[in-house]
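These notes are about the structure you will find just below.
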Ligand SMILES: Nc1nc2c(ncn2[C@@H]2O[C@H](COP(=O)(O)OP(=O)(O)OP(=O)(O)O)[C@@H](O)[C@H]2O)c(=O)[nH]1
Ligand SMILES: [Mg+2]
């Protein structure tokens, strides 16, 4: 039987750990079982029960002290150490989570982990070897859409993670509760790239127009300009996102949904704007 996993990634502070906590809570409330794994060796506080914790293998503080590394170098060292210990340490930790189990990996926010350092790719390949069906859930702070140039850079960062990991990939715009202009954001969720290009060209000097055109085309070719908005205050919003992720990893299609206690009153929302809680 396959097992299922979400790899929760994205820039520092984009809301990964908060999402993991809210997802865990949401699943509890609908009687679904998910286990959250902390992969951030620098994490200190958790709002979810930690099923497996990288800090039991290695702590960033110790690495920085003993190897005289800074926080970023130390983090990379910890992740490489994890990669070396996948076979013995992590496989043993995951032994308790077998058929039909659904794990959510809360990753660190260092952007280099998702761009050019191959550690996460090795991690994902090992999960696949262990029969996990994995989805990358890339979180981007909705503040990124306040400015077109920021938005394109957010898309490109997500694209580099997508190319590196080669997983089913879902982009999420987080912190929707902080956004004042909710209507204005709609054009960023599934936009027309020609309009984006026009905006970019308007914002930047004419000498960038050829580059802007190439970037917009690249983003379009990879069908990357597609985000699901997430307002963690709303159960519907979390449920809507979860149903997209479940679909991407075929959860529930070829396995029995593992439930603690089924809530017959809970109805799944449809995929329109209203029901997505946005
Ligand atoms: N208003 C609001 N704040 C949020 C939301 N999600 C996260 N935050 C806040 O944003 C900050 C960062 O959230 P985290 O969940 O720690 O972000 P992270 O991506 O795990 O951060 P790193 O692990 O450091 O990369 C915290 O102060 C959260 O309370 C949200 O949906 N709405
Ligand atoms: Mg975190």
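The values are calculated or read from the model by the stated rules, or taken from the named source; none is laboratory data. It should be emphasised that the depicted structure is a prediction, and the values quoted were computed from it without experimental measurement. Note that each Cβ is placed from the backbone with ideal geometry, even for glycine, and that neighbours are counted across all protein chains shown.
Just a few scattered comments:
- Test: residue 138 is under 26 Å from residue 246 (Cα atoms), within 16 Å of ligand 2 (Cβ to nearest atom) and either in a helix (DSSP H, G or I) or more than 16 Å from the chain's Cα centre (by Cα) (or both): no
- Within the stretch 196-211, the residues that satisfy the criterion of being surrounded by 14 or more Cβ atoms within 10 Å (Cβ to Cβ) and touching a residue at least 40 places away in the same chain (Cβ under 8 Å) are 196, 199, 200, 204.
- Of the residues making up the stretch 141-160, those that are part of a helix (DSSP H, G or I) and away from ligand 1 (no atom under 16 Å from the Cβ) number 10.
- Test: residue in the stretch 69-91 that is touching a strand residue (DSSP E or B) at 6+ places or on another chain (Cβ under 7 Å), surrounded by fewer than 16 Cβ atoms within 10 Å (Cβ to Cβ) and on the phi < 0 side of the Ramachandran plot: no
- Within the stretch 179-241, helices (runs of 4 or more DSSP H) holding 2 or more residues that are over 23 Å from the mean Cα position of the chain (by Cα) and not assigned by TED's automatic domain parsing to the domain that holds residue 152: 193-203, 209-221
- Flag if residue 133 is part of a strand (DSSP E or B), in the same structural domain as residue 40 (by TED's automatic domain parsing) and either surrounded by fewer than 21 Cβ atoms within 10 Å (Cβ to Cβ) or within 16 Å of ligand 1 (Cβ to nearest atom) (or both): yes
- Any hit, the stretch 7-25, residues being at negative phi, at pLDDT 95 or above and more than 16 Å from ligand 1 (Cβ to nearest atom): no
- A single member of 117, 152 is over 16 Å from the mean Cα position of the chain (by Cα), in contact (Cβ under 8 Å) with a residue 60 or more places away in the chain and either buried (at least 16 other Cβ atoms within 10 Å of the Cβ) or in the same structural domain as residue 55 (by TED's automatic domain parsing) (or both), and it is 152.
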